[in-house]
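Below is one structure, written out as structure tokens; the observations come after it.
The values are calculated or read from the model by the stated rules, or taken from the named source; none is laboratory data. All values reported here derive from a predicted model rather than from experimental measurement. Note: ideal-geometry Cβ built from the backbone for every residue, glycine included; neighbour counts use all protein chains shown.
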Amino acid sequence: MPMDFINQNILLVGIVVVSGLGLLWPLVFRPVGRQVSPAEATLLINREDAQVIDVREPGEFAAGHISAAINIPVGKLAERLSELEKFKAKPVIVCCAAGMRSNQACSALKKNGFESLYNLAGGLDAWVGASYPLSKTGRKK
């Protein structure tokens with residue numbers, strides 16, 4: 001009997017499943033650092049001397065990044081934490097291409113004592129979408 005209902009109302013069942021997943025998504029992928037827009041990130045950089053950490057791969061970083069960003073790919077973050085110790089007391093903005101890797105990096109940084117963490121909402125895609133400039137020089141590591 002239930003299978004008859006599902007077969008006859010497959011579109012309705014699909015809508016219910018997709019809606020349920022949409023409601024659960026924020027609970028499963030909860031952002032760790034405070035989400036900031038490109039405009040808010042710019043204010044943090046200019047007013048509070050926030051450090052930008054770009055967790056994309058070196059090739060992505062070389063193609064364009066936020067000026068003065070440090071490049072530490074998310075996969076190498078754990079082994080390079082000592083390089084970031086000096087930034088524990090200041091605001092840190094973490095960015096990637098779209099926001100997924102930076103959320104993972106924020107989680108790792110939080111576990112290691114970083115408290116003033118910010119995740120660039122939408123990543124570099126949002127930065128470019130807001131017509132903010134990218135640099136092709138900087139502190140590539």
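Please verify whether segment 79-91 includes one or more residues that are buried (at least 21 other Cβ atoms within 10 Å of the Cβ), in the same structural domain as V36 (by TED's automatic domain parsing), in contact with a strand residue (DSSP E or B) (Cβ under 7 Å, 6 or more places away or on another chain) and on the phi < 0 side of the Ramachandran plot. Checking segment 79-91: at least one residue is buried (at least 21 other Cβ atoms within 10 Å of the Cβ), in the same structural domain as V36 (by TED's automatic domain parsing), in contact with a strand residue (DSSP E or B) (Cβ under 7 Å, 6 or more places away or on another chain) and on the phi < 0 side of the Ramachandran plot. Of the residues screened, L21 is not one that is touching a helix residue (DSSP H, G or I) at 6+ places or on another chain (Cβ under 8 Å) and either at pLDDT below 95 or in a helix (DSSP H, G or I) (or both). So which residues in segment 39-63 are surrounded by 15 or more Cβ atoms within 10 Å (Cβ to Cβ), acidic (D, E) and over 16 Å from T137 (Cα atoms), if there are any at all? Across segment 39-63, the qualifying residue is only E40.
Condition check: of a type in the set (K, R) and at pLDDT below 95. Does R34 satisfy that? Write out each step before concluding.
Values: of a type in the set (K, R): yes; at pLDDT below 95: yes.
Judged against the criteria, R34 is a match.
Of the set (1) surrounded by 10 or more Cβ atoms within 10 Å (Cβ to Cβ); (2) out of contact with any His (no Cβ under 8 Å at 6 or more places or on another chain); (3) at pLDDT 95 or above, all apply to N71 but (2). Among the residues of segment 100-128 satisfying the criterion of being touching a strand residue (DSSP E or B) at 6+ places or on another chain (Cβ under 6 Å) and hydroxyl-bearing (S, T, Y), which is farthest from L77 (Cα to Cα)? Among those residues, the one meeting the criterion is Y118.
Out of the residues in segment 116-141 that are among the charged types (D, E, K, R) and more than 16 Å from the chain's Cα centre (by Cα), which is nearest to Q51 (Cα to Cα)? If you could, list the steps in order and put the result at the bottom.
Looking only at segment 116-141, we keep the residues that are among the charged types (D, E, K, R), and these are 125, 136, 139-141.
Next, from what is left, pick out any that are more than 16 Å from the chain's Cα centre (by Cα): 136, 139-141.
Details: K136: 17, R139: 12, K140: 14, K141: 15 Å.
That would be R139.
Taken over segment 82-141, residues that are farther than 23 Å from A62 by Cβ and aromatic (F, W, Y) amount to 2.
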